[in-house]
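Worksheet: one structure, shown below.
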Amino acid sequence: MSRIQSDVMRELLKVYFIAGSVNGKKDLVSIVEEAIDGGVTLFQYREKGNGALTGDAKYELAKRVQELCKRKNIPFIVNDDVDLALELDADGVHIGQEDEAAASVREKIGDKILGISVHTLEQAQKAAAQGADYFGVGPIFSTQSKADARDAQGTALIELFKNHKIETPIVAIGGITAENTPPIIKAGADGVSVISAISQADSVYEAAKKLKEAVFQTV
Ligand code: 3NM
């Protein structure tokens, strides 16, 4: 195996869905299935927040969602929990600045996909040197889905990265909906990642489809 190529990564980031057991209105596996059918291109399992599963229950749910992702042919990425990602042989890991050091995670996961949340140009340059395959950049808009989210920053950081010729693929995050997606893609993000816009929707399938259309119709 070798590290994922950035043009392949860019395609996978287009409609990036993140969720755990606490985010949806029904069973996570059925939410993810509907979301994939609607057009989601990558799934990140993020088991966080009040009432989040731990231990065996977390493992079992992760495994069920991973099997679905395999069957539907989209990557399955684990948020923060490097040990779980390795145990499951997931496709990758996403970490924040507060988590384990990126270089150490890269060493543990070999060529699996490594996503890193970055909030400054310096963090981006360091993360790229430590082996990030993509950056999560946010929050673009204010969000209810992350207790310790920073202030919304709009597309300024994406534009800064583009002006500095940062070549690592970028997925935007935070308060994103189909309606506010166009300026994010125009600013240079390769894709959008969402929790609530899909997981909280009355029709998960329609929400994913609308998001996909918003990304692909923006040039
Ligand atoms: N990370 P929603 S914002 C998980 O800014 C996460 O790094 C963020 O959820 C960051 O799509 C966020 O419901 C929550 O706003 C995104």
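The values are calculated or read from the model by the stated rules, or taken from the named source; none is laboratory data. This is a predicted model, so every value here is computed, not measured. Ideal geometry is used to build each Cβ from the backbone, glycine not excepted, and the neighbour counts take in all protein chains shown. Please note that ligands, DNA and RNA were not included when accessible areas were found on the heavy atoms of the full protein model with its side chains. Shrake-Rupley method; radii C 1.70, N 1.55, O 1.52, S 1.80 Å.
Averaging the Cα positions of each part gives two centres, and for the stretch 144-167 and the stretch 174-192 these lie 11 Å apart. Shape descriptor for the stretch 79-161: Rg over Rh equals 0.99 (Cα atoms; Rh from the Kirkwood inverse mean 1/r). Applying 1/(1 + (r/R0)^6) with R0 = 30 Å to the Cβ-Cβ distance of N180 and Q97, what FRET efficiency is obtained, to the nearest 0.05? Given R0 = 30 Å and the Cβ-Cβ separation, E is 0.75. Projected label points at K108 and R10, each 7 Å from Cα along the beta carbon direction, are separated by 3.1 nanometres.
Could you work out the relative contact order of the stretch 13-218, using alpha carbon pairs under 8 angstrom and six or more residues apart, expressed as a whole percent?
Reported relative contact order: 24 percent.
Placing a pseudo-label 7 Å from each Cα along the Cα-to-Cβ vector at K126 and E167 gives an inter-label distance of 2.3 nm. Around T143, with a cut-off of 12 angstrom between Cβ atoms, what is the net charge of the other residues, counting Lys and Arg +1 and Asp and Glu -1? Around T143, the surrounding residues sum to 0. Taking the helices alone, the chain has a mean residue ellipticity at 222 nm of -12000 deg cm²/dmol, built from -39,500 (n - 2.57) per DSSP H run of at least 4 residues and averaged over all its residues.
Restricting the calculation to Cα atoms, every distinct pair contributes to the Kirkwood radius of the chain, found to be 17.1 Å.
Considering the zone a paramagnetic label at K63 would reach in this model (a point 7 Å from Cα along the Cα-to-Cβ line), which residues of the stretch 9-37 have amide N under 11 Å from it? It comes to no residues whatsoever. Remark: the stretch 166-219 is approximated by an ellipsoid whose semi-axes, taken from the C-alpha gyration tensor as √(5λ), come to 20, 12, 8 Å, largest first. For L42, the solvent-accessible surface with a 1.4 Å probe is about 0 Å², rounded to the nearest 10. Between R71 and E213, the modelled labels are 2.8 nm apart [label points 7 Å from Cα along Cα→Cβ].
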